[in-house]
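The values are calculated or read from the model by the stated rules, or taken from the named source; none is laboratory data. Fair warning: this is a prediction, and the values are worked out from it, not measured in the lab. Counting neighbours? That spans all protein chains shown, and the Cβs are built from the backbone with ideal geometry, glycine included. We work out accessible area using only protein heavy atoms, side chains counted, and drop any ligands, DNA or RNA first. Shrake-Rupley method; radii C 1.70, N 1.55, O 1.52, S 1.80 Å.
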Protein chains: 2
Amino acid sequence: MSKLEKCIVALVEVFEEYAGKDEDKMKLSNAELGELVKGQLSESKIDPEELKDVLQKIDKNRDGQVSYKEFSQFVAQLSQGYFKKKYCKDKCKGKN
Amino acid sequence: MSKLEKCIVALVEVFEEYAGKDEDKMKLSNAELGELVKGQLSESKIDPEELKDVLQKIDKNRDGQVSYKEFSQFVAQLSQGYFKKKYCKDKCKGKN
């Protein structure tokens, strides 16, 4: 399996692991999301301010739960922050 | 490093690997994107029709190149297709 495919499979597995704790296995409750962030991102290189900002926008349809679609977009945004931090600092404002 | 963070780092590394082939290391050219799809997704469980569909929408600002932001959104969409395939088949139309 390629690196990219392993990552896609891992994303689904992480979601399953935390969304599976209550009866609705297809959504992350707020509590499950909190556990995921604590378990998966607490000691990460992700900037805490960036994480807080992205977390506030995660529940796009405001139903109080996080679907897989919302979760995958959350991860995409976190990775954009990580990429920016790694490459841009201030070199490429608005280019990516 | 957690599973989720490894995936975030891997996403950036895959982008770097293929975007780094020409002088613009911050963008994937069409040729580089083609190589990435061939190298990373050709034997994958990703449904070829789904892949084709998502690829057509990847270049959101239509500048003929793929930024990291566009790439991370592309991967998020692919993983949504993979999640749907794994869970829904037809059980949860419109729920995720």
When only C-alpha pairs under 8 Å and at least 6 residues apart count, what is the relative contact order of the range B:8-96, in percent?
-> 29
Solvent-free Debye scattering, log10 I(q)/I(0), computed from the Cα coordinates of chain A at q = 0.24 Å⁻¹ = -1.34
Using a Gaussian network for chain B with springs between C-alpha atoms less than 10 Å apart, which of these wobbles most: B:GLN56, B:GLN65, B:GLN73?
-> B:GLN56
Karplus 3J(HN,Hα) series, Hz, for the range B:37-53 with 6.51 cos²θ - 1.76 cosθ + 1.60 (x for Gly, Pro) = 4, 5, x, 10, 10, 5, 9, 8, 7, 6, 5, x, 5, 4, 4, 4, 4
With a ≥ b ≥ c from the Cα gyration tensor eigenvalues, square-rooted, and the rule rounded for a/c under 1.5, otherwise prolate when a/b > b/c and oblate otherwise, the protein assembly as shown is oblate
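To the nearest 20 Debye, how big is the dipole of the range B:3-88 about its Cα centre, given +1 on the beta carbon of each Lys and Arg and -1 on that of each Asp and Glu?
In debye, rounded to 20, the range B:3-88 gives about 460.
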Computed over chain B, protein heavy atoms only, probe 1.4 angstrom, the accessible area per residue in square angstrom equals 53
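Can you sort B:VAL37, A:VAL54 by solvent-accessible area, 1.4 Å probe, largest first?
Largest to smallest exposure gives the sequence B:VAL37, A:VAL54.
So how much accessible surface do A and B hide from each other in total, probe 1.4 Å, in square angstrom to the nearest 100?
Chains A and B together bury approximately 3900 Å².
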Tell me, what is a quarter of the convex hull surface for the C-alpha atoms of the range A:6-50, in nm² with one decimal?
-> 3.6
Whenever you get a sec, compute what percent of the accessible area on chain A sits on carbon and sulfur atoms (1.4 Å probe).
-> 50
Peptide B:74-86, shielding by other chains (average Cβ, 10 Å cutoff) | 6
